[in-house]
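The values are calculated or read from the model by the stated rules, or taken from the named source; none is laboratory data. Nothing here was measured: the structure is a model prediction, and the numbers come from that model. No Cβ is skipped: glycine too gets one built from the backbone with ideal geometry, and neighbour counts run over all protein chains shown. Only protein heavy atoms, including side chains, enter the accessible area calculation; ligands, DNA and RNA are left aside. Shrake-Rupley method; radii C 1.70, N 1.55, O 1.52, S 1.80 Å.
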Amino acid sequence: MELESVLVTGANRGIGLEFVKQLIKLPKPPRFIFATFRDENSVKALEKIKEESKETKIILIKMDVGDAEDIERAGSLVEEKVGESGLNLLINNAGVLRYQSFPEITEEDMLFHFRINTVAPVMVLKKMLPLLQKASSRKTGGMSVSRAAVLNISALLGSITELTEDYPEKWLSVMSYRTSKAALNMAMRVVALTVKDQGVLIANMCPGWVKTDMGTEDGILELPESVSAMMETLSRLDESHHGTFVNRNGETIPF
């Protein structure tokens, strides 16, 4: 897997931060990593990585993925840096999760999740698509992450098929999160079929239940374990994975 440029949303903590850590350790690391964050008080870890990175230029971008103006500014900044080389990989990682069950669920809660977990990744991709297309046009052959790709961090909780009566009742309490991830999967399936002839690979991936602020300490996977598995799977993705929903090991998850 050889990448000249990568954009990671929500890169200041958790899975996003771990992606940055592992990307710069590749045998041939990216020339650019664009790492977005929302809160300026939460970038100490990113700043440290930036200072220590020798081969990769890490560019920190303040961007609320739910803010159209922020997305526009970020897109312009990325374009200014990558130029005609385009953007090789977009990792739509930023997301939110709150616990609220039915019938206590509120309209505000559902719209909050939908805005950040579904609408925002689509809008970020919409802005970055011309840059992904530029990167794709520089190489021929099949789809791959080294050419141009979008990785959307989804969740098994977004699978309608997997939600049966046997599913632990605890996870019914994240109704809005589940709904927003199911919608994300559908949205990206539509995008994948729309751009299928443009050489830009689109894939949705579940990282597993990871020990993060969102996943809590109850998670069964450590961050490095989850992200290293996703990185290995990323390197193997091709056109057969376009528009699919897979787990961190590349195994298909039913929608």
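Under 13 Å from the Cβ of ALA229, count the other residues' Cβ atoms, weight Lys and Arg +1, Asp and Glu -1, and hand me the total.
On the way: positive: ARG236, ARG248; negative: GLU18, GLU222, GLU225, GLU232, GLU251.
Within the 13 Å Cβ shell, the charges total -3.
Obtain the nm distance between the two label points defined at GLU232 and ARG115 by a simple spin-label model: each point lies 7 Å from its Cα along the Cα-to-C-beta direction.
Taking the simple label geometry, GLU232 and ARG115 are separated by 4.0 nm.
Could you point to the residue in VAL8, TYR177, SER159 farthest towards the positive end of the chain's charge dipole, with +1 and -1 charges on the Cβ of Lys/Arg and Asp/Glu respectively?
The listed residue farthest towards the positive side: VAL8.
When ligands, DNA and RNA are left out and all protein chains stay put, how many square angstrom of accessible area per residue does the range 120-255 have with a 1.4 Å probe? It would help to have the intermediate numbers written out before the result.
Numbers: 6210 Å² over 136 residues.
Here the per-residue accessible area is 46 Å².
What is the local net charge at ILE71, summed over the other residues whose Cβ is closer than 11 Å to its Cβ (Lys, Arg +1; Asp, Glu -1)?
Every neighbour counted, the sum reads -2.
Evaluate Rg over Rh across the chain, taking Cα atoms for both radii and Kirkwood's formula for Rh.
Checking Rg against Rh, the ratio lands at 0.95.
Quick one: putting +1 on the C-beta of Lys and Arg, -1 on the C-beta of Asp and Glu, what dipole do you get for the chain around its Cα centre, in Debye to the nearest 20?
Details: 30 positive and 35 negative charges, 194 e Å.
Once rounded to the nearest 20, the dipole reads 940 debye.
For SER85 paired with ASP213, estimate the spin-label separation in nm (one decimal), with each label point 7 Å from Cα along the Cα-to-Cβ line.
That separation, rounded to one decimal, is 3.1 nm.
If packing is taken as the mean number of other Cβ atoms within 10 Å per residue, what is the order of 114-123, 69-78, 5-14, highest first?
5-14, 114-123, 69-78
What number comes out for accessible area per residue over the range 1-55 if the probe is 1.4 Å? Units Å², please.
Accessible surface, normalised per residue, equals 54 Å².
Charges on Cβ only, +1 for Lys and Arg, -1 for Asp and Glu, centred on the Cα centroid of the range 30-87; of ALA45, VAL65, GLY86, which one is farthest towards the dipole's positive end?
Toward the positive end, the furthest listed residue is ALA45.
A 24 angstrom limit on the alpha carbon distance is what I want to check against. Which of LYS25/LYS48; LYS139/LYS181; LYS21/LYS211 exceed it? Intermediate values should be presented prior to the final figure.
Values: LYS25/LYS48 15 Å; LYS139/LYS181 32 Å; LYS21/LYS211 17 Å.
Those over the limit are LYS139/LYS181.
Quick one: which of 187-194, 19-26 comes out on top by average Cβ neighbours within 10 Å, and what's the full order, highest first?
19-26, 187-194
So what is the relative contact order of the range 97-255, in percent, for Cα pairs below 8 Å that sit 6 or more residues apart?
Relative contact order here is 29 percent.
Keeping the other protein chains in place, figure out the carbon and sulfur percent of the accessible area of the chain, with a 1.4 Å probe.
52 percent
Rounded to the nearest 20 Debye, what is the dipole magnitude of the range 145-255 about its Cα centre when Lys and Arg each give +1 and Asp and Glu each give -1 at the C-beta?
Dipole about the Cα centre, nearest 20: 440 debye.
Can you compute the charge dipole magnitude of the range 66-125 about its Cα centre, using +1 on each Lys and Arg Cβ and -1 on each Asp and Glu Cβ, nothing else charged? Give it in debye, rounded to the nearest 20. Before the final figure, lay out the partial values.
Details: 4 positive and 11 negative charges, 47 e Å.
I would put it at about 220 debye.
What is the packing order of peptides 236-249, 43-56, taking the mean over residues of other C-beta atoms within 10 Å and listing the highest first?
Per-residue mean Cβ counts within 10 Å order the peptides as 236-249, 43-56.
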